[in-house]
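The values are calculated or read from the model by the stated rules, or taken from the named source; none is laboratory data. Quick caveat, the model's predicted, so the values are computed rather than measured. For neighbour counting, all protein chains shown are included, and Cβ atoms are generated from backbone atoms with ideal geometry for every residue, glycine included. For accessibility, only protein heavy atoms count, side chains too; no ligands or nucleic acids. Shrake-Rupley method; radii C 1.70, N 1.55, O 1.52, S 1.80 Å.
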Amino acid sequence: MADHLAVATIVSIPWSTSLTSILIVVWLITILPGTSLANIHRALTSPPSALPILLVLLAVGGLIWTDANPYERFAGLRQFLKLLIIPILLTEFRESENGKRAIVGFLISCVALLVLSIASAIWPVITWWRPGNPGVPFKDQTAQSAEFTI
């Protein structure tokens with residue numbers, strides 16, 4: 001179940017920030033009770049986990065001396081905290097055969113979004129939910145461009 005939720009989460013990334021956030025929470029609720037502290041420790045201390053953890057620590061360090069109120073500090077840190085999912089994903093797919101399915105699903109999802117983007121640029125009326133931004137059916141142009149680059 002946890003593998004399928006992780007794959008669904010990864011596939012939803014190009015389409016919806018809200019759905020991705022909801023699926024991450026459901027996935028964490030599914031996976032964390034069955035994960036031992038030793039596995040979490042091993043994931044957090046593995047070399048691939050070092051970069052996300054370092055980036056979060058740098059963000060925390062950068063927020064220490066800011067003049068912003070605590071709410072604004074946490075809002076700035078929130079984007080970096082998402083990086084801490086990476087070590088948990090590594091733990092999830094280290095012993096699973098679904099890692100390839102997650103990558104292929106993400107790529108197919110990006111290609112489907114690219115097709116919809118091209119279609120909405122040619123026929124803007126098909127993206128009726130976003131009439132003022134043809135070619136960008138979901139999220140924003142920056143996020144969509146990054147996904148198309150992948």
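Scanning the stretch 1-34 for residues that are surrounded by fewer than 16 Cβ atoms within 10 Å (Cβ to Cβ) and hydrophobic (A, V, I, L, M, F, W, C) returns Met1, Leu19, Ile22, Val25, Val26, Ile29, Leu32.
Residue check: Gln79 meets all listed conditions (1) in a helix (DSSP H, G or I); (2) in contact (Cβ under 8 Å) with a residue 40 or more places away in the chain but one, namely (2). Considering every residue within the stretch 77-87, establish whether at least one is more than 30 Å from Leu37 (Cα to Cα) and among the polar types (S, T, N, Q). Checking the stretch 77-87: not a single residue is more than 30 Å from Leu37 (Cα to Cα) and among the polar types (S, T, N, Q). Take the conditions (1) closer than 16 Å to Thr20 by Cα; (2) more than 15 Å from the chain's Cα centre (by Cα); Ala121 misses just one of them, which is (1). Is there a residue being touching a helix residue (DSSP H, G or I) at 6+ places or on another chain (Cβ under 6 Å), open to solvent by 50 Å² or more (accessible area, probe 1.4 Å) and among the aliphatic types (A, V, I, L, M) anywhere in the stretch 119-136? Scanning the stretch 119-136, I find at least one residue that is touching a helix residue (DSSP H, G or I) at 6+ places or on another chain (Cβ under 6 Å), open to solvent by 50 Å² or more (accessible area, probe 1.4 Å) and among the aliphatic types (A, V, I, L, M), so the answer is yes.
Conditions tested, residue by residue: (1) farther than 23 Å from Ile150 by Cβ; (2) touching a strand residue (DSSP E or B) at 6+ places or on another chain (Cβ under 6 Å); (3) open to solvent by 30 Å² or more (accessible area, probe 1.4 Å); (4) of a type in the set (D, E, K, R).
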{"residue": "Gly61", "(1), (2), (3), (4)": "yes, no, no, no"}
{"residue": "Ile86", "(1), (2), (3), (4)": "no, no, yes, no"}
{"residue": "Val104", "(1), (2), (3), (4)": "no, no, yes, no"}
{"residue": "Ser117", "(1), (2), (3), (4)": "no, no, no, no"}
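Each row is one residue, and each column tells you yes or no for (1) aliphatic (A, V, I, L, M); (2) free of Cβ contacts under 8 Å to residues at least 60 places away in the same chain.
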| position | (1), (2) |
| --- | --- |
| Ile22 | yes, yes |
| Leu28 | yes, no |
| Pro33 | no, yes |
| Ser49 | no, yes |
| Leu55 | yes, yes |
| Leu58 | yes, yes |
| Gly62 | no, yes |
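Taken over the stretch 63-76, residues that are in a loop (DSSP other than H, G, I, E, B) and either in contact with an Asp or Glu (Cβ under 6 Å, 6 or more places away or on another chain) or surrounded by 11 or more Cβ atoms within 10 Å (Cβ to Cβ) (or both) amount to 1.
Of all residues assigned to the stretch 88-96, at least one qualifies as being outside any helix (DSSP H, G or I) and modelled with pLDDT under 85. In the set Leu54, Leu113, only one residue is assigned to a helix (DSSP H, G or I) and either open to solvent by 40 Å² or more (accessible area, probe 1.4 Å) or more than 16 Å from Ile13 (Cβ to Cβ) (or both); that residue is Leu54.
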